[in-house]
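Participant: Here it is: the structure, laid out below.
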């Protein structure tokens, strides 16, 4: 595992290489009986381990959740196409086995981490080497994720070139959560920016439509003007309120006490 700057604060750390997956655990002062798996973004070639990992974990532990930040392998020639998903599924199994979350286990995914989070609710490709029996999270929080507009034939930008490396593009092509969602997904909180120059808003609309078609419920928030990767630290803009809205939703769906 390599960092862009090994001297930087954990809150802004960026991981640029993962040889073996790492699961970082964060303990709340007052556990509420539930846990969250945190999947940061980085386009499957890096991981925003600080802004979309550690910072998110601190927010969640403040609400009483055990938080686990996954530093997963990337889809490339070394680790293969399915590496991120296999690592996320194994992380879920480890957390379940820990008995730290007897009342529920959710997932929080931002950017490409949101795509990975959504993949946890989709059918695992039959032609890939099958991992241990999958376990699905009990709740999802997904932000500004490229659900399927990076997939061949489903891009919004005409003639969009494939994304390197070829294994990354293959992952996006083969796993399109909105088209492969399993039935009866759990409640989902979805947050996007309508002005996102990287991830078109169609991703949010596709995900919401698929979630409802599969029998699930969603809370969708689209902010008119916010940058891609707004995370938790985009200050003095309406999008900075999304964690507050999410907390209210968590209480509403019974995943957070009064």
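Participant: Could you check the stretch 73-107 and list, in sequence order, the residues that are more than 18 Å from residue 167 (Cβ to Cβ) and outside any loop (DSSP other than H, G, I, E, B)?
Facilitator: Answer for the stretch 73-107, where residues must be more than 18 Å from residue 167 (Cβ to Cβ) and outside any loop (DSSP other than H, G, I, E, B): 90, 91, 92, 93, 94, 95, 96, 97, 98, 105, 106, 107.
Participant: Further, regarding this structure: Within the stretch 1-17, can one find any residue that is touching a strand residue (DSSP E or B) at 6+ places or on another chain (Cβ under 9 Å), at pLDDT 95 or above and either in a loop (DSSP other than H, G, I, E, B) or surrounded by fewer than 19 Cβ atoms within 10 Å (Cβ to Cβ) (or both)?
Facilitator: No, the stretch 1-17 contains no residue that is touching a strand residue (DSSP E or B) at 6+ places or on another chain (Cβ under 9 Å), at pLDDT 95 or above and either in a loop (DSSP other than H, G, I, E, B) or surrounded by fewer than 19 Cβ atoms within 10 Å (Cβ to Cβ) (or both).
Participant: Could you say which residue among 240, 193 is touching a residue at least 24 places away in the same chain (Cβ under 8 Å) and either surrounded by fewer than 15 Cβ atoms within 10 Å (Cβ to Cβ) or within 16 Å of residue 110 (Cα to Cα) (or both)?
Facilitator: 193
Participant: Being part of a loop (DSSP other than H, G, I, E, B) and touching a strand residue (DSSP E or B) at 6+ places or on another chain (Cβ under 9 Å) is the filter; apply it to the stretch 108-134 and report the residue that is modelled with the lowest pLDDT.
Facilitator: Among those that are part of a loop (DSSP other than H, G, I, E, B) and touching a strand residue (DSSP E or B) at 6+ places or on another chain (Cβ under 9 Å), it is 129.
Participant: Separate question: Name the one entry in 151, 145, 140 that is within 19 Å of the chain's Cα centre (by Cα), surrounded by 24 or more Cβ atoms within 10 Å (Cβ to Cβ) and farther than 16 Å from residue 222 by Cβ. Let's see the steps before the verdict.
Facilitator: Values: 151 fails: surrounded by 24 or more Cβ atoms within 10 Å (Cβ to Cβ); 145 fails: farther than 16 Å from residue 222 by Cβ.
When all the criteria are applied, what remains is 140.
The values are calculated or read from the model by the stated rules, or taken from the named source; none is laboratory data. Since this is a predicted model, take the numbers as computed values, not measurements. Virtual Cβ from ideal backbone geometry, glycine too; neighbours counted across all protein chains shown.
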